[in-house]
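> Take this structure, written in structure tokens, and hold onto it; I'll ask about it next.
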């Protein structure tokens, strides 16, 4: 069996991220006719229950329609197994209002429901090829997270004659890089739960050589992206360890210099990544993620950075799992 290596390199620069909710709230309504009684003109409780069943079906269809192409392909493959179980994925379903039109003998039920997105993803993963592969026989993953952020900004600017405004002409940035352990933990959790075998990139370096994390970090800081010679060294190490797949991603972060008195400092993040099949001489893309964008506000930069980076990292990992599962890659 071929092993799958996902070298997931994520590099942080300046830009923006959309946070995937783990519990999805959906509102829906349904109109149906009813037969009023002689003394009781309103719909019976059984009629309301029938409307709620239809509403639940509509909510589920609305929820699944938001799936990415890869996730939808995976879902359609096992839809017949999941649909009978949808009750267990609803964490709540409540009636908001009932509008009765007795002259028309109809009523409309308005409801609000919540679907446990985490549970749905877990079920899809369990039904995937990776999820049904015995431990130790799945796809080996390794990933590298390199954060890059501005350490110092020197602005060059001009004032007009009455000093009423500042025109920003250009800026000189210096950067620092790091390898946040909390990102590594979050990604490992998602990939492991999906049935993939997670391997530390440091172990790849020990067994098969390749650039150290510090060397990769420095290379990115000096060149804004991984240079071709470093990338070649990484791919050679990957192939030496009998790895077939290589994922390269970027996670860009930026902090606005102005602070809103109510919300705090604004931080934006954007993540993109690609998964490559490197078995042949010319690599080919088998999965592409992003850009996924989001914004957070915090009083201090450290809190904002940690909060902002977790969501896009987890989102990128889930998208990788979805796309590989859709192709039956385990």
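The values are calculated or read from the model by the stated rules, or taken from the named source; none is laboratory data. As the structure is a computational prediction, the values presented were derived from the model and not from experiment. When we count neighbours, we look across all protein chains shown, and the Cβ atoms used for this are built from the backbone with ideal geometry, even at glycine.
> Look through region 217-230, keep the residues that are under 25 Å from the mean Cα position of the chain (by Cα) and part of a helix (DSSP H, G or I), and return whichever of them is surrounded by the most Cβ atoms within 10 Å (Cβ to Cβ). Explain how you work it out, then say what you get.
First, pick out the residues of region 217-230 that are under 25 Å from the mean Cα position of the chain (by Cα): 217, 220, 224-226.
From what is left, the residues that are part of a helix (DSSP H, G or I) are 217, 220.
Working: 217: 21, 220: 23.
It comes out as 220.
> Select, from 55, 24, the only residue that is crowded, with 16+ Cβ neighbours inside 10 Å, assigned to a strand (DSSP E or B) and at pLDDT 90 or above.
24
> Is it fair to say residue 241 is modelled with pLDDT of 90 or more and assigned by TED's automatic domain parsing to the domain that holds residue 293?
Against the criterion (modelled with pLDDT of 90 or more and assigned by TED's automatic domain parsing to the domain that holds residue 293), residue 241 does not qualify.
> Among the residues in region 158-173, are any farther than 27 Å from residue 86 by Cα, modelled with pLDDT of 65 or more and not assigned by TED's automatic domain parsing to the domain that holds residue 88?
No, every residue in region 158-173 fails to be farther than 27 Å from residue 86 by Cα, modelled with pLDDT of 65 or more and not assigned by TED's automatic domain parsing to the domain that holds residue 88.
> Kindly provide the set of residues from region 63-78 that are out of contact with any strand residue (DSSP E or B) (no Cβ under 9 Å at 6 or more places or on another chain) and loosely packed, with under 12 Cβ neighbours inside 10 Å, ordered by number.
Once the filter is applied, which keeps residues that are out of contact with any strand residue (DSSP E or B) (no Cβ under 9 Å at 6 or more places or on another chain) and loosely packed, with under 12 Cβ neighbours inside 10 Å, region 63-78 yields 65, 69.
> Related question: If you check residue 249 against the conditions, is it closer than 30 Å to residue 297 by Cβ, modelled with pLDDT under 80, touching a helix residue (DSSP H, G or I) at 6+ places or on another chain (Cβ under 9 Å) and buried (at least 19 other Cβ atoms within 10 Å of the Cβ)?
yes
> I would also like to ask the following. If we scan region 295-305, do we find a residue that is surrounded by 19 or more Cβ atoms within 10 Å (Cβ to Cβ), touching a residue at least 12 places away in the same chain (Cβ under 8 Å), assigned by TED's automatic domain parsing to the domain that holds residue 181 and assigned to a helix (DSSP H, G or I)?
Yes, region 295-305 contains a residue that is surrounded by 19 or more Cβ atoms within 10 Å (Cβ to Cβ), touching a residue at least 12 places away in the same chain (Cβ under 8 Å), assigned by TED's automatic domain parsing to the domain that holds residue 181 and assigned to a helix (DSSP H, G or I).
> Something else about it: Across region 58-90, what is the total count of residues that are in a helix (DSSP H, G or I) and either farther than 19 Å from residue 318 by Cα or over 20 Å from the mean Cα position of the chain (by Cα) (or both)?
18
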